[in-house]
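Undergrad: Sharing a structure below in structure tokens format, with a few things to ask.
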Amino acid sequence: MINTVTGVIKKLTGNIGLKLVSLVLAFLLWLFVVSIENPVMNLSFSSIPITIENGDVMEKQGHAFELNDSSRTVTVTVKAERSVLSELSRDNIKASVDMTNLDGNKVPIEVKSTRYSDRIQSISPSKEFANVIIEDLASAQFKIQVETSGNLPEGYAVGTASVQNNVVRVKGPESVVSSIAGAVVRVNVSGMTSEIHTVLPILLLDEDGHDVDTSALEVSLDQVSVSVDIWKTQEVPVYGSYSGTAANGYEATGVVTAEPAVISVTGEGSTLSSFTSLSLPAEVLDISNATGNVSIEVNVAGYLPKGIYLESPGDGGIVKLTAEVQETVPVMLQVPYSNLAITGLPDNMTIGNDLNASVVAVTVRGLSARVAALDGNTVTGVLDLSQVPLNETGSITPGSYAGEVTLSLPEGITQDSAVAHVLIQVKGENAEGAAGDQPGGETAGGETIEAGAPGETIEAGADGETSEAVNEGENNSGRNGEHEENNDRERTAGQDDEQ
């Protein structure tokens, strides 16, 4: 047995040098075969995104940061056997920067493979560092607005809109936060006839209405629940009035037109159905000192009652109001004395002439259509004698006097100053005891004073012009004075005879 083992050992150790050479040659042959069949190669993976680690370190320092555009991705080269490389993909290659290693504005790029890391001979990025943009951290909040788009069926309009949470808060680089002008959710209402409920993303917009990139921001909400009311519409007429007074010689006709004459409004059902017209206040249109038509443009949105809105707010709700103003014209009215009520005459005095036989001419002014409709025979007024002067005894001396005439005229018609003349006498006295005419027109001297024969016009009060009755009344007063003077001389002569 021992001899057998010894023999085996001798065979194995025999020619040992030759056997070692054979072993080396076999190994070299294996390496040669392997190098041909499974060579070591380099494989590059492009556009590998760079992730950031420990970014909260910067936030704690009150800074925001981001990788510049050229540092957001990197190309990674892997050296390994072909069999290993064939099993790798872009998803296995990771690139990152650790912000705790930040040096100035540069941070080292680290790369690794999540697979076959022990069989990879080397892995390296195309650049050693990533550039970092550092700025102050800012925060802001924005009210969420609802924007609608699309066309509703005819007779419907977008009503009120609401969101479940109406504020969104953002935090990030100051340059990005400061570029945000507002936050909106956009609702498409095409074809809708009833209330809309939906959940939509929140969009952050700049001043030009373009979306702001939120990748560098912390946003409190990214979507929100939205409700939009859909209301019916209706057309209502617009009415206007005016305030102020036109220039002297001009008058408003009372006609105010609106253009457009109707507006389309919307609102909740019961509120809308009870709104039938819009009347704009008078102070909106002032015609003070106007010498022609006056127009003004009014935004009627501010005059709509609560709960009523313009169907299309974007149109501005502009309505043009126009008040018609025309020049007034003078017309002479022939008003019978009998149409005038006498005021201011003492109880013991009476009118001595026949008022049914005379007329007084009064100039009235107004719009042509209005004054043309007046008939002097039907116009009434007042003849005021309260300003007749009193004599030394505090009474009225019988004679011819002028009184102020005031007519009762429709609104918008005025009159020029006018007076009428009458004969005043003491009640119950006959012609011999009165200074003025007694009914019938005869004086104490037997002369007749025409105070207005039937059909005669007595014009009074026009720039000092005096009627015929006034002149004759003055003559009559002169004759009465002479008569009294003669009586005085006769009484004096009688007293001297008695003595």
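Undergrad: Condition test on VAL168, is it within 31 Å of the chain's Cα centre (by Cα), modelled with pLDDT of 90 or more, surrounded by 15 or more Cβ atoms within 10 Å (Cβ to Cβ) and not assigned by TED's automatic domain parsing to the domain that holds LEU67?
TA: Details: within 31 Å of the chain's Cα centre (by Cα): yes; modelled with pLDDT of 90 or more: yes; surrounded by 15 or more Cβ atoms within 10 Å (Cβ to Cβ): yes; not assigned by TED's automatic domain parsing to the domain that holds LEU67: yes.
Judged against the criteria, VAL168 is a match.
Residues are listed down the side, and each one gets a yes or a no for (1) more than 29 Å from VAL371 (Cα to Cα); (2) aromatic (Phe, Trp, Tyr); (3) loosely packed, with under 14 Cβ neighbours inside 10 Å; (4) not assigned by TED's automatic domain parsing to the domain that holds ASN377:
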position: LEU285; (1), (2), (3), (4): no, no, no, yes
position: ASN293; (1), (2), (3), (4): no, no, no, yes
position: VAL298; (1), (2), (3), (4): yes, no, no, yes
position: LEU304; (1), (2), (3), (4): yes, no, no, yes
position: TYR309; (1), (2), (3), (4): yes, yes, no, yes
position: ALA323; (1), (2), (3), (4): no, no, no, yes
position: ASN339; (1), (2), (3), (4): no, no, no, no
position: LEU345; (1), (2), (3), (4): yes, no, no, no
position: MET349; (1), (2), (3), (4): yes, no, no, no
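Undergrad: Quick one: which strands (runs of 3 or more DSSP E) sit completely within the stretch 225-342 and have at least 3 residues that are closer than 30 Å to LEU423 by Cα?
TA: Details: elements: 250-259, 262-267, 294-299, 308-310, 318-327, 329-336.
Qualifying strands (runs of 3 or more DSSP E): 329-336.
Undergrad: Go through (1) of a type outside the set (Val, Ile, Thr); (2) on the phi > 0 side of the Ramachandran plot; (3) surrounded by fewer than 18 Cβ atoms within 10 Å (Cβ to Cβ) and name the single condition GLY317 misses.
TA: For GLY317, the failing item is (3).
Undergrad: Can you tell me how many residues in the stretch 33-60 are within 59 Å of the chain's Cα centre (by Cα), loosely packed, with under 11 Cβ neighbours inside 10 Å and modelled with pLDDT under 90?
TA: Here the count works out to 2.
Undergrad: Could we say that VAL84 is surrounded by 13 or more Cβ atoms within 10 Å (Cβ to Cβ), assigned by TED's automatic domain parsing to the domain that holds THR51 and modelled with pLDDT of 95 or more here? Steps first, please.
TA: On the way: surrounded by 13 or more Cβ atoms within 10 Å (Cβ to Cβ): yes; assigned by TED's automatic domain parsing to the domain that holds THR51: yes; modelled with pLDDT of 95 or more: no.
The answer is no for VAL84.
Undergrad: Specify which of the listed residues (ALA140, ALA157, ALA183) is surrounded by fewer than 17 Cβ atoms within 10 Å (Cβ to Cβ), of a type in the set (A, V, I, L, M), part of a strand (DSSP E or B) and within 38 Å of the chain's Cα centre (by Cα).
TA: The conditions single out ALA140.
Undergrad: Next question, about the same structure. For SER122, indicate whether it is of a type in the set (Ser, Thr, Tyr), closer than 30 Å to LEU204 by Cα and part of a strand (DSSP E or B). Working first, answer last.
TA: Working: of a type in the set (Ser, Thr, Tyr): yes; closer than 30 Å to LEU204 by Cα: no; part of a strand (DSSP E or B): yes.
No; evaluated as a whole, the condition is false for this residue.
The values are calculated or read from the model by the stated rules, or taken from the named source; none is laboratory data. For clarity, every value in this text was computed on a predicted model and none was experimentally measured. Cβ coordinates were reconstructed from backbone atoms using ideal geometry, including for glycine residues, and neighbour counts include every protein chain displayed.
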